[in-house]
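Quick notes on the structure that follows.
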Amino acid sequence: MSPSTTRRAGTRDIPGQATTWTQCCAGATASLPVLFGIAPFGLVLGAQAAQKGLTPFEVPLMTGLNFAGGSEFAALGLWSSPPHFLLIMAVTFLVNSRMLVMGAALTPFLHHLPKRKVLPALFLMTDASWALSMSDARRRAEQGVGPAFSLAYYMGSSLVFYVAWIGCTTLGAILGPLLGHPEAYGLDMAFPAVFLVMLRGMWRGLRRAWPWLASLVVAALASKLLPGAWYVAAGALAGILAALAWAPTQPASKAQGPRPGR
């Protein structure tokens, strides 16, 4: 696809050869503060996995091949001998169902990328890398830079999280017997605290925050009234419905970024 097909009026392209590495480093740099929340979260997971009998070799296999912290905690909570695989798979799907919403939110930004690049990259998507990349895409769109979504920025942040997650969970598995119960140190609160800070960076006014509030209320009620991890799916669905209800009649194309070939 020629550069002219990706250019729209009011946007400017950045030379790819000169900026790919720069964008990758920018994504990696932006992810560093978030590691202060991911590191203790990974230590907690590794320690819990060691308490369940997983070895320091098996833990990085689990966290590297699955790479979804919330579902890994849920799986360990259901782990038994022998493990109930169907139950674990079902709960893992429920916990990770939020990724369906996150992927759908990314779709308008990915039209300029081939699927052979997008699909492997989405394996590395996490809550943190999604939030950072969406914020960067909106910033670039507001500056008139096209395309708004930078795959290099996304990969820079995602790879940092991937390596750090595997490393921290492995370290937690090794140090698990020495740490005892990490929750006693309050380490399990670090990751939620990071996301509260990230939400502040994504704030776009009270009207756009209503879906967040609806998702929070429904998820909190579902966690008290429903068994298992159904509160994750319930909160995600409530957020989607609320976003549709409060969506403007004329979506701002500027926020979505340019689409190629039009």
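The values are calculated or read from the model by the stated rules, or taken from the named source; none is laboratory data. The structure displayed is predicted, hence computed values, not measured ones. Note that we place each Cβ from the backbone using ideal geometry, even for glycine, and neighbour counts take in every protein chain shown. Heavy atoms of the whole protein, side chains included, go into the accessibility calculation; ligands, DNA and RNA do not. Shrake-Rupley method; radii C 1.70, N 1.55, O 1.52, S 1.80 Å.
This table checks each residue for (1) touching a residue at least 24 places away in the same chain (Cβ under 8 Å); (2) closer than 21 Å to Phe41 by Cβ; (3) assigned to a helix (DSSP H, G or I); (4) among the aromatic types (Phe, Trp, Tyr).
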site	(1), (2), (3), (4)
Ile88	no, yes, yes, no
Thr92	yes, yes, yes, no
Leu100	yes, no, yes, no
Ala105	yes, no, yes, no
Pro108	yes, no, yes, no
Leu113	yes, no, no, no
Pro120	no, no, yes, no
Met125	yes, yes, no, no
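Here is a list: Ile88, Ile38. Which entry is of a type in the set (Val, Ile, Thr) and within 26 Å of Ala137 (Cβ to Cβ)? Testing whether each residue is of a type in the set (Val, Ile, Thr) and within 26 Å of Ala137 (Cβ to Cβ) leaves just Ile38. Taking the range 30-55 as the range and being modelled with pLDDT of 90 or more and surrounded by fewer than 18 Cβ atoms within 10 Å (Cβ to Cβ) as the test, the residues that pass are Leu32, Thr55.
Residue count for the range 214-236 under the criterion of being open to solvent by 60 Å² or more (accessible area, probe 1.4 Å) and touching a residue at least 24 places away in the same chain (Cβ under 8 Å): the result is 2. Looking across Leu178, Leu132, one residue alone is closer than 22 Å to Asn66 by Cα, open to solvent by 20 Å² or more (accessible area, probe 1.4 Å) and hydrophobic (A, V, I, L, M, F, W, C). It is Leu132. A single entry from Gly239, Gly235, Gly257 fulfils the requirement of being under 21 Å from the mean Cα position of the chain (by Cα) and at pLDDT below 60: Gly257. Screening Gly27 on (1) modelled with pLDDT of 90 or more; (2) over 22 Å from Gly156 (Cβ atoms) shows it passes everything except condition (2). Of the residues making up the range 141-151, those that are modelled with pLDDT under 90 and open to solvent by less than 40 Å² (accessible area, probe 1.4 Å) are Ala141, Gly144, Val145, Gly146, Pro147, Ala148.
For Ser80, the conditions (1) of a type in the set (Ser, Thr, Tyr); (2) surrounded by fewer than 19 Cβ atoms within 10 Å (Cβ to Cβ); (3) in contact (Cβ under 8 Å) with a residue 24 or more places away in the chain all hold with the exception of (3).
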